[in-house]
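Colleague: Here you go, one structure.
The values are calculated or read from the model by the stated rules, or taken from the named source; none is laboratory data. Note that the structure is a prediction, hence the values are computed from the model and not measured. Counting neighbours? That spans all protein chains shown, and the Cβs are built from the backbone with ideal geometry, glycine included.
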């Protein structure tokens, strides 16, 4: 779920950047008023209504995924896979001594 939200968030952010870059500024129509060329690719009104709606949708998706990712990161799930793993008690076996017969163990200094 977390990975899917990250992918949707990245796609929404890239789409939002591209959509905003496609839109023209507010002062772009002023050049047409004084005899400049107009953009008639999207019709007389331009791409403003369509791109405005797409920008709103992309912004809503971006905000929802941002809030969801923040909530999931702040509240990790209470369950843990490590807690559900069953462990088995293994008997402890004595390790045979490697010291030669008759050898004395080293003395531990007492600090006196």
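Colleague: Have a look at 84, 80, 88, 73 and point out the one that is modelled with pLDDT under 90, under 18 Å from residue 13 (Cβ atoms) and exposed (fewer than 13 other Cβ atoms within 10 Å of the Cβ).
Modeller: On the way: 84 fails: under 18 Å from residue 13 (Cβ atoms); 80 fails: under 18 Å from residue 13 (Cβ atoms); 88 fails: under 18 Å from residue 13 (Cβ atoms).
Result of the check over 84, 80, 88, 73: 73.
Colleague: Evaluate the following for residue 109: is it more than 28 Å from residue 14 (Cα to Cα) and at pLDDT 75 or above?
Modeller: Judged against the criteria, residue 109 is a match.
Colleague: Restricting to region 16-31, and then to whatever is modelled with pLDDT of 65 or more and outside any helix (DSSP H, G or I), can you tell me which residue is nearest to residue 60 (Cα to Cα)?
Modeller: Across region 16-31, the extreme among qualifying residues is 23.
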